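Values in this text are rule-based calculations from the coordinates and carry no lab data. Since the model is a prediction, treat every value here as computed from it, not as a measurement. Don't worry about glycine lacking a Cβ; one is built from the backbone with ideal geometry, like all the others, and counts go over all protein chains shown.
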Amino acid sequence: MIRQFKIFCKNTEEYIDIDGGDSLLDIYETMQTRLPINPICAKVNNKTENLSYPVFGPKMVEYLDASSKEGYRVYIRSLCMMLYKALHDLYPQRRLLVDLSIAGGYYCILKHESDQPIDPQLVDALKLRMKQLAEQDITFVRRERLTTDVIEMFRKQNLPDKVRLLETSGNLYTVFYKLGDVVDSYAGALAPSTGYIKNFDLIPYKNGMLLLGPDRKQPDKVTQPQPQEKLFKALEEHVEFNKIIRIADVGELNRVIRGKHVPLLINVAEALHNQKFAKMAADIADRYRQGGARVVMIAGPSSSGKTTSAKRLSIQLVTNYIIPKVISLDNYFVDRQHTPRDESGDYDYESLYALDLEQFNKDLRDLIDGKEVPMPTYNFETGQREYKGNTLKLEENNILLMEGIHGLNPDLTPQIDPAMKYLVYVSALTTLNIDDHNWISTSDNRLLRRIVRDFKYRGVNARSTIARWPSVRRGEEKWIFPFQENADAMFNSSLMFELAVMKEYAMPILKQVPVNAPEYGEAYRLMRFLDYFESIPQQDVPHTSLLREFLGGSSFTY
């Protein structure tokens with residue numbers, strides 16, 4: 001006897017009668033005339049599921065298309081499996097690595113062949129095969145088996161990275177997908193079939209190829225590649241470093257952790273940071289002695305580690321006989337009644353025009369000219385800028401140093417000679433992969449940092465931080481990312497071991513997000529992601545580490 005019950009559809013705000021065991025796709029087909037979207041996945045009780053998910057009891061369901069954040073992830077994961085299937089069909093002896101998120105797409109290389117540019121004809125052949133797969137509308141078949149059985153499947157298919165990951169995961173069962181004659185695993189749901197994935201491109205890029213999905217703002221069009229030469233170079237340097245120390249994915253990291261080699265790993269990663277700060281300081285000192293670089297501006301997105309970067313760069317500058325004087329951009333906020341408002345009518349403190357640009361530039365010019373300048377203080381309680389008698393003057397071997405989100409925007413300092421400025425872009429550019437077909441999002445890395453910091457120092461729970469994150473990301477897209485290529489130096493603040501340390505901090509905080517909250521799905525996804533990692537105790541992290549800005553226990557004062 002088939003059991004009947006009701007589910008609540010959030011899209012239409014109504015209860016719907018269904019038969020037990022119906023899939024989400026079956027249910028959608030009974031109501032698609034009332035639901036004017038073409039879903040690629042759905043949220044079930046706030047967790048993202050694929051449309052083959054069978055419903056056996058009352059649930060709250062929200063259907064999502066590819067324009068949603070969750071739907072876009074499903075689209076890209078499905079696209080990656082199609083690329084893997086195409087490579088397996090045409091060049092079965094070659095191995096795919098989805099390496100980096102860059103230039104508006106996903107940089108892919110043929111593993112062990114990355115020192116030679118990829119043949120454009122090979123790229124064209126792969127793209128044609130992917131188009132054929134889309135036209136054939138082949139089902140992505142979801143399966144779950146004992147992890148030991150899945151390991152053997154991956155071993156037979158020559159996927160040692162996935163074998164390593166599963167051997168160190170400790171999970172009894174593992175979800176995998178079949179597409180024709182290939183099997184693969186992904187960090188989340190896939191589309192129902194390849195017929196859903198028709199809007200994409202694959203083009204030669206550097207020594208590999210760039211996989212491009214739909215434009216998030218215009219889903220009927222493909223994302224156009226963006227020039228990010230400096231960012232690519234910064235990422236590639238860390239990829240090469242990963243090769244040297246032989247840790248390119250989470251499975252390899254877990255083996256190092258289990259092998260009791262954590263202290264050496266941490267010391268090497270921290271030494272790389274020191275080397276980068278020392279190089280930047282030497283470059284600044286050289287420009288200073290040639291008559292330039294009187295103002296050092298550090299910019300980057302939220303939770304990238306700008307504050308600690310400024311402090312550690314300051315120390316390296318002192319070793320080059322240059323004494324930095326720090327200016328806070330926050331002290332140049334306009335009085336609150338003049339602050340721009342966002343589309344919701346709230347004060348937009350992330351806008352460039354929340355700053356008094358005229359006064360700021362006048363003060364900078366006067367300081368560079370050797371004048372003594374009264375320095376303002378912004379009173380956040382009254383929303384007014386105040387002068388309390390503080391002054392600043394640059395003496396011999398002094399430079400100005402400031403950090404803030406607008407540092408790379410040329411409209412911040414249009415009246416200052418570019419030769420007088422040295423611009424630093426800081427971001428957590430994660431170069432560790434989960435496995436060859438699953439990358440780690442730079443945004444996820446920063447979000448986890450912010451969740452831990454907000455909870456520890458600001459009394460803000462994970463639910464609130466997750467809810468705020470889309471707004472933060474919109475601000476970054478508008479005010480930070482368009483200007484990152486203006487940087488004189490790019491500093492990658494990520495540390496290879498950090499997510500293994502962050503796990504013990506973040507998991508208890510994420511578990512506090514209630515199941516009935518809209519933010520639960522994101523919290524659940526992050527917990528599943530962290531579950532891949534073996535833990536590293538925080539006491540192994542040096543007190544000077546940039547990671548301490550978020551964990552606490554830093555030797556720096558914030």
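Numbers for the structure displayed
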| item | result |
| --- | --- |
| Subset of K279/K311; K111/K131; K43/K217; K69/K511; K306/K503; K279/K456 violating a 26 Å alpha-carbon distance limit | K279/K456 |
| Net lengthening on full extension, A271/K233 (0.36 nm per residue, minus Cα-Cα) | 11.7 nm |
| Acute angle (nearest 10 degrees) that the helix 462-479 long axis makes with the longest principal axis of the chain, alpha-carbon atoms | 70 |
| Residues with amide H under 5 Å from that of I323, placed H, sequence gap 5 or more | N398, I399 |
| In Hz, Karplus ³J(HN,Hα) per residue of region 529-545 (6.51, -1.76, 1.60; θ = phi - 60°; x = Gly, Pro) | 4, 5, 5, 5, 8, 6, 8, 10, x, 5, 5, 7, 8, x, 6, 8, 5 |
| 0 to 90° range, to nearest 10: angle between helix 442-457 axis and the chain longest Cα axis | 60 |
| Distance histogram in 5 Å bins (all Cα pairs of region 4-65, percent per bin) | 4, 20, 37, 29, 9, 0 |
| Derived scalar couplings ³J(HN,Hα) [region 410-416; Karplus, 6.51 cos²θ - 1.76 cosθ + 1.60; whole Hz; x for Gly, Pro] | x, 6, 6, 10, x, 8, 9 |
| Highest-first arrangement of 128-136, 248-256, where packing means the average Cβ count within 10 Å | 248-256, 128-136 |
| Other-chain or far-sequence residues with amide H under 5 Å of R294's (modelled H) | K421 |
| Mean Cβ count within 10 Å, highest first, over the residues of peptides 520-527, 502-509 | 520-527, 502-509 |
| Listed peptides 18-31, 159-172 by packing density, highest first (mean Cβ within 10 Å) | 159-172, 18-31 |
| Cα gyration tensor shape for region 70-229, rounded if a/c is under 1.5, else prolate or oblate | prolate |
| Principal-axis tilt of helix 306-319 within the chain, Cα atoms, nearest 10 degrees | 40 |
| Helix-derived mean residue ellipticity, 222 nm - over the chain, DSSP H n ≥ 4, -39500 (n - 2.57), to 500 | -12000 deg cm²/dmol |
| Region 247-551 shape via C-alpha gyration tensor axes, a/c threshold 1.5 | oblate |
| Sites M31 and K111, calculated FRET efficiency, Cβ-Cβ separation with R0 41 Å, nearest 0.05 | 0.40 |
| Alpha carbon centroid spacing (whole Å) that separates region 336-351 from region 386-407 | 26 |
| Kirkwood estimate for the chain, i.e. one over the average of 1/r between Cα atoms, Å | 25.7 |
| Sequence of W439, W479 once ranked by neighbouring C-beta atoms within 10 Å, starting from the fewest | W479, W439 |
| Value of relative contact order over region 247-551, rounded to a whole percent, pairs C-alpha under 8 Å and six or more apart | 25 |
| Fully extended contour minus Cα-Cα distance, from K131 to K206, at 0.36 nm per residue | 24.7 nm |
| Rounded to whole Hz, the Karplus (6.51, -1.76, 1.60) HN-Hα couplings of region 490-507, x for glycine and proline | 10, 10, 8, 8, 6, 10, 4, 8, 5, 5, 5, 7, 4, 3, 5, 7, 7, 4 |
| Built amide H within the under 5 Å cut-off of V426, gap 5+ | A299, G300, F491 |
| Hits among aspartates and glutamates - C-alpha to C-alpha of K6 under 12 Å, sequence gap 8 or more where chains match | E14, D17, D19, D22 |
| Gain upon complete extension [R336, I323; 0.36 nm per residue less C-alpha separation] | 1.3 nm |
| Among beta bridges that DSSP assigns inside the chain, antiparallel share in %, nearest 5 | 70 |
| Counted charge near Y349, where neighbours are those whose Cβ lies closer than 11 Å (Asp, Glu -1; Lys, Arg +1) | -3 |
| Shape category assigned to region 198-319 from the gyration tensor of Cα positions, a/c cut at 1.5 | oblate |
